[in-house]
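All remarks here apply to the structure that follows.
Bear in mind that the values in this text are calculations on the coordinates, not laboratory data. Just so it is clear, the structure is predicted and the values come from calculations on it, not from any experiment. Cβ atoms come from the backbone with ideal geometry, glycine included; neighbour counts cover every protein chain shown.
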């Protein structure tokens, strides 16, 4: 494995969990979600950077202050979370930089290794993981809120559009981005400041870096996740129940 660093996004409150506990400390199959994510990247990056915000000291204490922590004062989107890390990480030499959420508890280490391998082999500026669902009903309705992946006739990614900004036709696209990214670090730090929050959510989206790279003719790469459980994030107790019910199985 090349010299890989990872950023884990763990600043969210998890308002819809209706709990004072930071979202990433909620348990999935009796294990806090962030512990599962940390286990998945242990071989890849034993000392990741964790972006903390709501309940920061709880997260730091829970993870025994073993990692590097960066405080995100305001939670203004995934892109903003990574922006907060720029001044700390931009001059460190990595072959690739993983960015993944702390509330996707069942991503497999092998999937992340596949993402990194594909990224480096294709000399991409950025790579994403995607998932194609049969529909957005039942246990798949969790994915309705994910960004839609638009491709051209040659299967190249054209853009990723967030649900809040998608039109009726775009909302029907069944290939979604599931928040696992691998970046060329130099390209990331050069471009992260170009993100804008002129969207319906008023947030800075990491997915907009995909669109920026495409517009600039950069090599944008993707891998497909076959087991939906790996792409499931947890924002509600209902979603947590779905994830726990399907652990170890394909939906």
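Give me the one-decimal Kirkwood hydrodynamic radius in Å for the stretch 142-241, with the sum taken over alpha-carbon pairs. Please report the intermediate quantities before stating the final value.
Details: mean 1/r = 0.0678 Å⁻¹.
Roughly 14.8 Å, rounded to one decimal.
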Inset, instruction - Using Cα pairs closer than 8 Å and at least 6 residues apart in sequence, work out the relative contact order for the chain, in percent. - result: 24 percent
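Nearest 0.05, what FRET efficiency do residue 93 and residue 241 give at R0 = 51 Å with Cβ-Cβ as r?
Numbers: r = 43 Å, r/R0 = 0.84.
Once the sixth-power term is evaluated, E becomes 0.75.
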Legend entry - Centroid-to-centroid separation of the stretch 29-44 and the stretch 194-227 [C-alpha atoms, Å]: 26 Å
Legend entry - MRE, 222 nm, helices only [DSSP H, n ≥ 4, -39500 (n - 2.57), over the chain, to nearest 500]: -7000 deg cm²/dmol
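Can you give the FRET efficiency to the nearest 0.05 for residue 197 and residue 2, using r as the Cβ-Cβ distance and R₀ = 30 Å? Each step should come with its number before you reach the end.
On the way: r = 33 Å, r/R0 = 1.10.
About 0.35, to the nearest 0.05.
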Legend entry - Rounded to 5, the percent of DSSP beta bridges in the chain classed as antiparallel: 45 percent
Inset, instruction - Could you work out which residue, out of 93, 28, 213, moves most in a Gaussian network model of the chain, that is, has the largest mean-square fluctuation with Cα springs under 10 Å? - result: 93
Inset, instruction - Take each of the peptides 191-199, 112-120, average the number of other beta-carbon atoms within 10 Å over its residues, and list them starting from the highest. - result: 112-120, 191-199
Inset, instruction - Any chance you could check the Cα centroid distance between the stretch 128-183 and the stretch 53-116 for me, in angstrom? - result: 23 Å
Inset, instruction - Would you compute, for the Cα atoms of the stretch 1-90, the largest minus smallest coordinate along each principal axis and list the three values in descending order, in whole Å? - result: 40, 29, 20
Inset, instruction - Once you have the Cα-Cα distance between residue 153 and residue 73, take 0.36 nm times their residue separation minus that, and quote the gain in nm to one decimal. - result: 24.6 nm
Legend entry - Contour minus Cα-Cα distance for residue 166 and residue 31 (0.36 nm per residue): 45.1 nm
Inset, instruction - Using Cα pairs closer than 8 Å and at least 6 residues apart in sequence, work out the relative contact order for the stretch 27-132, in percent. - result: 32 percent
